[in-house]
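Novice: One structure follows; several queries about it will come next.
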Amino acid sequence: MTDQTKDRVFIFDTTLRDGEQSPGATMTHDEKLEIAELLEDMGVDIIEAGFPIASEGDFAAVSEIAKRSKESVICGLARAQIPDIDRCWEAVKFAPRPRIHTFIGTSPLHRAIPNLTMDEMADRIHQTVTHARNLCDNVQWSPMDATRTEWDYLCRVVEIAIKAGATTINIPDTVGYTAPRESADLIKRLIETVPGADEVIFATHCHNDLGMATANALAAVEGGARQIECTINGLGERAGNTALEEVVMALKTRSDIMPFFTEIDTRKIMHISRRVSTVSGFPVQFNKAIVGKNAFAHESGIHQDGMLKNKETFEIMRPEDVGLAGTSLPLGKHSGRAALRAKLKDLGVEVGDNQLKDIFVRFKDLADRKKEVFDEDILALVTAAMTTEGTDHLEIVSLKVICGTAGQAEAVLEMEVGGEERSADEYGDGPVDATFKAVRKLYPNKARLQLYQVHAVTEGTDAQATVSVRLEEDGKIATGQSADTDTVVASARAYVNALNRLHVRRSRTGSDVKEISYKDVG
Ligand code: KIV
Ligand code: ZN
């Protein structure tokens with residue numbers, strides 16, 4: 001079957017809105033711009049870039065993403081209120097292809113919150129969609145909690161939104177309550193019943209509370225939806241949203257029974273998955289479909305034997321189709337810059353010359369300490385290099401740690417703070433605690449540690465540890481990452497890296513949060 005005989009399904013990515021809304025997944029302005037660029041590059045049709053009225057930061061990110069966009073439609077979210085819609089338009093209007101997405105909760109539970117009668121809500125929908133359409137000719141409307149809204153009322157409000165000028169009708173399963181057959185039927189019946197339904201695109205927006213978001217979204221497509229709303233890695237509130245990589249690869253792999261196609265360049269999936277995981281601080285579970293560390297690993301003897309004889313025995317997708325290199329040899333200390341560049345290309349990582357230089361220095365340092373440098377090690381170095389870029393207010397000069405059963409752990413730290421060399425000797429409850437205390441002694445600050453996470457990158461006792469640290473200070477969040485064969489060194493660097501990022505954010509926003517003088521604290 002050729003693409004001409006299949007139906008196109010539009011991919012609407014909401015990683016930067018519904019995904020970022022997930023507690024703790026906050027991204028910085030620059031990270032949002034980077035992710036938006038990767039989404040556009042991957043072929044995402046519509047990028048929901050944020051909720052412009054939510055904060056100045058959201059507004060700035062949506063408008064900058066809109067200004068930089070080329071092909072993708074840039075969408076902003078707005079409640080069913082005129083100031084929300086106006087603010088949304090102010091941000092998305094810079095895009096060559098802007099969209100306003102406005103929504104209101106239509107189920108009995110949601111109607112009770114603004115305390116509107118059914119008629120009052122119907123009027124509000126008419127008024128707000130008409131207003132949005134007067135500003136922008138691409139308007140999406142969503143009846144939030146559609147899957148728990150009374151059928152007659154749902155038909156009524158969808159009809160009102162279409163008549164008022166909505167061009168896309170999104171049917172959200174806000175609490176992940178529906179099941180595949182019901183999801184397909186709901187869309188099919190709406191298209192058959194609501195006057196004007198054949199003139200708009202129906203979208204599906206599923207949450208994963210019962211683990212059915214991907215199945216429900218695909219079923220909705222079978223019912224007639226032609227836009228899937230999803231996020232990278234399934235990021236999102238509670239159990240998350242439909243995962244982009246799952247629906248896209250399911251449609252590609254089973255096009256024999258699902259005659260649909262998307263324009264996503266699936267070879268870019270792994271890279272963006274890793275970047276979203278890094279910047280959001282949400283690790284990807286090892287056995288996660290498509291992007292998990294083990295998704296293409298074949299451990300058992302029977303599986304490995306089958307794979308060697310014929311890959312299709314256990315492989316329904318080719319790893320390279322999602323941007324994973326085929327099996328490749330590890331690098332070692334004699335590998336040069338060209339080998340590293342080729343390896344990065346294999347891994348689907350694009351870096352500029354300066355980044356390559358930085359990653360090469362880190363690689364050489366690691367190769368001196370570790371016999372074989374595996375793909376996972378290289379990716380950890382890339383992540384560390386990308387997270388550290390441009391942030392050097394604080395720099396660790398040396399760190400010596402004494403720990404064990406003989407007494408309290410002690411950290412002796414020398415660090416440059418804004419060019420001034422400082423040193424401290426601190427004790428703590430274990431080596432990481434002692435080290436973080438020493439950092440705080442040299443750079444007193446009010447940042448609260450929200451997350452401290454360690455992962456072994458590969459197997460073996462000489463494996464690198466990747467450490468993620470998330471800090472919060474006056475509502476601003478910064479994540480730092482680092483990787484090293486020494487867990488305490490990686491922890492110190494990740495902590496300092498997060499502090500550097502907070503420093504950058506303070507100076508950029510002209511925040512009145514003053515750094516506390518280390519001499520005052522003494
Ligand atoms: O889950 C939901 O209902 C939403 C809407 C705002 C579309 O995210
Ligand atoms: Zn949602």
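Novice: Between Glu71 and Thr193, what length comes free when the chain is fully extended (0.36 nm per residue of separation minus the Cα-Cα distance, one decimal in nm)? Present the calculation step by step, with values, prior to reporting the outcome.
Specialist: Working: separation 122, 0.36 × 122 = 43.92 nm, distance 3.36 nm.
Roughly 40.6 nm would be gained on extension.
Novice: Right, another one. At 7 Å along Cα-to-Cβ for each site, give me the label-to-label distance between Gln127 and Tyr427 in nm.
Specialist: 6.8 nm
Novice: Sticking with the crude label model, points 7 Å out along Cα→Cβ, report the distance from Glu150 to Glu350 in nm, one decimal please.
Specialist: 5.3 nm
Novice: Read phi for every residue in the stretch 278-295 and hand back ³J(HN,Hα) as whole Hz from Karplus 6.51 cos²θ - 1.76 cosθ + 1.60, θ = phi - 60°, with x for Gly and Pro.
Specialist: 3J(HN,Hα) across the stretch 278-295, in whole Hz: 5, 6, 8, x, 9, x, 8, 4, 4, 9, 5, 4, 6, 10, x, 4, 9, 4.
Novice: What is the stretch 390-507 by shape, rounded, prolate or oblate, if you read a ≥ b ≥ c off the alpha carbon gyration tensor as root eigenvalues and call it rounded for a/c under 1.5, prolate for a/b larger than b/c, and oblate otherwise? It would help to have the intermediate numbers written out before the result.
Specialist: On the way: a/c = 1.66, a/b = 1.23, b/c = 1.35.
It comes out oblate by the Cα gyration axes.
Novice: For the stretch 51-119, which trypsin sites (Lys or Arg not before Pro) pass both filters: DSSP loop (anything but H, G, I, E, B) and at most 11 other C-beta atoms within 10 Å?
Specialist: Values: sites: Lys67, Arg68, Lys70, Arg79, Arg87, Lys93, Arg99, Arg111; in loops: Lys70, Lys93.
Taking the stretch 51-119 and a limit of 11 other Cβ atoms within 10 Å, the loop trypsin sites (Lys or Arg not before Pro) found are Lys70.
Novice: With each run of n ≥ 4 DSSP H residues scored as -39500 (n - 2.57), what mean residue ellipticity at 222 nm is computed for the chain after dividing by its residue count and rounding to the nearest 500 deg cm²/dmol? Working shown, then result.
Specialist: Working: 17 runs with 210 residues, N = 522.
Mean residue ellipticity at 222 nm (helix-derived): -12500 deg cm²/dmol.
Novice: Using every alpha carbon pair in the stretch 107-199, what percent of pairs falls into each 10 Å bin from 0 up to the bin containing the largest distance?
Specialist: Spelled out per bin, shortest first, that is 16, 50, 31, 3.
Novice: Once neighbouring chains are kept in place and the probe is 1.4 Å, which whole percent of the accessible area of the chain is contributed by carbon and sulfur? Don't jump to the answer; show the numbers that get you there.
Specialist: Numbers: 11760 of 23490 Å².
Carbon and sulfur: 50 percent of the exposed surface of the chain.
Novice: Something else now. Under the √(5λ) rule applied to the eigenvalues of the Cα gyration tensor, what semi-axes describe the equivalent ellipsoid of the chain? Give them in Å, descending. Walk me through the numbers on the way to the answer.
Specialist: Numbers: eigenvalues 382, 176, 73 Å².
Equivalent ellipsoid of the chain: 44, 30, 19 Å, largest first.
Novice: Net charge near Val284: determine it from the other residues with C-beta under 14 Å of the C-beta of Val284, scoring Lys and Arg +1 and Asp and Glu -1.
Specialist: +1
Novice: Okay, next question. At a Förster distance of 41 Å, what's the computed FRET efficiency of Asn115 paired with Asn294, Cβ-Cβ distance as r, to 0.05?
Specialist: Values: r = 49 Å, r/R0 = 1.20.
Given R0 = 41 Å and the Cβ-Cβ separation, E is 0.25.
Novice: Let me ask something additional. Which whole-Hz ³J(HN,Hα) couplings does the stretch 130-137 yield from phi under the Karplus relation 6.51 cos²θ - 1.76 cosθ + 1.60, θ = phi - 60°, glycine and proline marked x?
Specialist: 4, 4, 4, 5, 6, 8, 9, 8
Novice: Something else about it: Kindly report, to the nearest 10 Å², the accessible surface of Trp89 as traced by a 1.4 Å probe over protein heavy atoms only.
Specialist: Only protein atoms counted, so the area is about 50 Å².
Novice: Moving on. Say R0 is 35 Å: what FRET efficiency, to the nearest 0.05, do Arg238 and Val397 get from their beta-carbon distance? Write out the running numbers ahead of the final one.
Specialist: Working: r = 44 Å, r/R0 = 1.25.
After rounding, the FRET efficiency stands at 0.20.
Novice: Here is a follow-up. Determine the shape class of the stretch 46-144: with a ≥ b ≥ c the square roots of the Cα gyration tensor eigenvalues, call it rounded for a/c under 1.5, and otherwise prolate if a/b is greater than b/c, oblate otherwise.
Specialist: Values: a/c = 2.44, a/b = 1.97, b/c = 1.24.
Prolate, since a/c reaches 1.5 and a/b exceeds b/c.
Novice: Measuring with a 1.4 Å probe in the full set of protein chains, what accessible area per residue, in whole Å², belongs to the stretch 3-280? Please report the intermediate quantities before stating the final value.
Specialist: Numbers: 10440 Å² over 278 residues.
That works out to 38 Å² for each residue.
Novice: So if R0 is 30 Å, what FRET efficiency would His29 and Tyr452 give, r being the distance between their Cβ atoms, rounded to the nearest 0.05?
Specialist: Result of the calculation: an efficiency of 0.80.
Novice: I'd like to know how the stretch 325-387 sits against the 2.2 N^0.38 Å rule of thumb: what's its Cα Rg over that expected value?
Specialist: Details: Rg = 10.4 Å, N = 63, 2.2 N^0.38 = 10.6 Å.
My calculation over the Cα atoms of the stretch 325-387 gives 0.98.
Novice: Could you please report the charge total around Ile171, scoring K, R as +1 and D, E as -1 over all other residues with beta-carbon less than 13 angstrom from its beta-carbon? Present the calculation step by step, with values, prior to reporting the outcome.
Specialist: Numbers: positive: Arg148, Lys188, Arg189, Arg226; negative: Asp145, Asp173, Glu182, Asp185, Glu229.
Overall, the nearby charge balance is -1.
Novice: Taking K and R as +1 and D and E as -1, what net charge do the other residues with C-beta under 11 Å from the C-beta of Glu192 add up to? Don't skip to the end; give the middle numbers.
Specialist: Working: positive: Lys188, Arg189; negative: Asp185, Asp198.
Within the 11 Å Cβ shell, the charges total 0.
Novice: Hey, rough spin-label estimate for Ile257 and Ala325, points 7 angstrom out along Cα→Cβ, what's it come to in nanometres?
Specialist: Each label point is offset 7 Å from its Cα along the Cβ direction, giving 3.6 nm.
Novice: Per residue, how much accessible surface does the stretch 325-387 expose to a 1.4 Å probe? Answer in Å², no decimals.
Specialist: About 52 Å² of surface per residue is accessible.
Novice: Then there's this: Taking amide H atoms as placed 1.01 Å from N in the peptide plane, list the residues 5 or more away in sequence, or in a different chain, whose amide H sits under 5 Å from that of Gly50.
Specialist: Those qualifying (amide H under 5 Å, at least 5 residues apart or on another chain) are Leu77.
Novice: Heads up, I need the accessible area for Val504: 1.4 angstrom probe, whole protein in place, Å², nearest 10.
Specialist: Looks like 40 Å² after rounding.
Novice: Go through Arg189, Arg238, Arg148 and list them by solvent-accessible area, largest first, probe radius 1.4 Å.
Specialist: Values: Arg189 105, Arg238 135, Arg148 85 Å².
Sorted by accessible area, descending: Arg238, Arg189, Arg148.
Novice: When only DSSP loop residues count, what GluC sites (Glu not before Pro) in the stretch 1-94 have their Cβ near at most 14 other Cβ atoms within 10 Å? Present the calculation step by step, with values, prior to reporting the outcome.
Specialist: On the way: sites: Glu20, Glu31, Glu34, Glu37, Glu40, Glu48, Glu56, Glu64, Glu71, Glu90; in loops: Glu20, Glu71.
When the GluC sites (Glu not before Pro) of the stretch 1-94 are filtered for loop state and at most 14 Cβ neighbours within 10 Å, Glu71 remain.
The values are calculated or read from the model by the stated rules, or taken from the named source; none is laboratory data. Here the structure is a predicted model, which means the values were calculated and not measured. As a convention, Cβ positions derive from the backbone with ideal geometry for all residues, glycine included, and neighbour counts pool all protein chains shown. For the accessible areas, the whole protein counts, side chains as well, though only heavy atoms, and no ligand, DNA or RNA atoms are used. Shrake-Rupley method; radii C 1.70, N 1.55, O 1.52, S 1.80 Å.
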